[in-house]
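Quick notes on the structure that follows.
The values are calculated or read from the model by the stated rules, or taken from the named source; none is laboratory data. If you're wondering where the values come from, they're calculated on a predicted model, not measured in any experiment. Positions of Cβ are generated from backbone atoms using ideal geometry, with glycine treated the same way; all protein chains shown enter the neighbour counts.
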Ligand code: ATP
């Protein structure tokens with residue numbers, strides 16, 4: 001069943017139009033990569049989905065018309081965003097950060113700490129004192145504590161050391177395999193996206209220009225639209 005469906009979405013920052021027609025679908029249990037060079041509209045699309053930026057076009061999540069909902073209501077429907085730049089409460093501890101995000105459901109601190117054992121080891125430590133990678137794990141943990149039906153990861157491995165990146169990709173794979181979590185994943189690493197996602201959509205200058213199975217994303221297509 002389709003969980004998220006965007007059709008011909010357009011959006012602007014003031015007078016500057018940023019999206020000119022983005023369409024994408026995510027089914028339950030499916031992981032979709034959103035790709036595109038810098039400034040092509042990936043984060044803007046995420047802002048439209050999460051109702052942080054007004055959008056035109058059709059945006060449906062789990063049968064609800066997102067365009068009619070304020071952002072807090074959209075979140076309550078089950079949109080779990082891990083924003084670019086991993087925002088946590090710096091002065092709260094790891095566990096306080098997780099509790100502050102909690103909404104009723106099957107995710108709890110124990111389950112998050114099973115996914116990210118490092119967070120368990122740093123349970124009582126202030127978020128500000130965590131490494132960048134640990135803060136990213138905490139940001140993912142906070143999104144999971146809201147019991148999302150769709151997890152949106154915007155550059156979750158950006159700027160992290162290779163070993164920490166590998167831990168985060170392993171957690172993403174486990175979330176998909178063990179929890180059947182539907183995901184929209186934005187990242188610069190094509191290789192890792194290929195391993196983690198079922199399908200991809202490519203944005204170019206605010207438009208979705210290609211969508212398909214990951215296996216159909218040939219070197220020719222990536223060269224043309226991603227410059228790799
Ligand atoms: P990146 O990989 O660099 O994050 P992106 O694909 O996520 O790129 P967006 O951040 O969505 O791209 O940007 C799309 C367009 O919207 C760009 O032209 C950008 O300059 C513009 N834009 C993004 N955020 C704002 C903003 N807050 N105000 C004005 N323009 C913005």
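Some points to look at:
- Selected residue [surrounded by fewer than 21 Cβ atoms within 10 Å (Cβ to Cβ) and more than 30 Å from residue 160 (Cβ to Cβ)] from 14, 105, 29: 14
- Here residue 180 passes the criteria (1) crowded, with 16+ Cβ neighbours inside 10 Å; (2) modelled with pLDDT under 95 except the one numbered (1).
- Residue 58 being surrounded by 14 or more Cβ atoms within 10 Å (Cβ to Cβ), within 16 Å of the ligand (Cβ to nearest atom) and in the same structural domain as residue 19 (by TED's automatic domain parsing): no
- Residues that are over 14 Å from the mean Cα position of the chain (by Cα) and closer than 19 Å to residue 176 by Cβ, drawn from segment 118-146: 145
- Selection of segment 1-29 for residues being in contact with a helix residue (DSSP H, G or I) (Cβ under 9 Å, 6 or more places away or on another chain) and closer than 17 Å to residue 180 by Cβ yields 4, 29.
- Residue satisfying condition, being surrounded by fewer than 22 Cβ atoms within 10 Å (Cβ to Cβ), within 16 Å of the ligand (Cβ to nearest atom) and modelled with pLDDT of 90 or more, within set 52, 40: 52
- Count of segment 188-224 residues which are modelled with pLDDT of 95 or more, in a loop (DSSP other than H, G, I, E, B) and under 15 Å from the mean Cα position of the chain (by Cα): 2
- Comparison of 19, 66, 98, 6 shows that the only residue that is within 16 Å of the ligand (Cβ to nearest atom), more than 16 Å from the chain's Cα centre (by Cα) and surrounded by 21 or more Cβ atoms within 10 Å (Cβ to Cβ) is 19.
- Candidates 67, 23, 95 - the one that is outside the structural domain of residue 211 (by TED's automatic domain parsing) and on the phi < 0 side of the Ramachandran plot: 95
Here is a yes/no grid of residues against (1) surrounded by 15 or more Cβ atoms within 10 Å (Cβ to Cβ); (2) more than 16 Å from the ligand (Cβ to nearest atom):
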residue: 91; (1), (2): no, yes
residue: 113; (1), (2): yes, yes
residue: 121; (1), (2): no, yes
residue: 143; (1), (2): yes, yes
residue: 147; (1), (2): yes, yes
residue: 151; (1), (2): yes, yes
residue: 175; (1), (2): yes, yes
residue: 187; (1), (2): yes, no
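- Restricting 133, 227, 159, 195 to those that are free of Cβ contacts under 8 Å to residues at least 40 places away in the same chain, within 16 Å of the ligand (Cβ to nearest atom) and out of contact with any strand residue (DSSP E or B) (no Cβ under 9 Å at 6 or more places or on another chain) reduces the list to 159.
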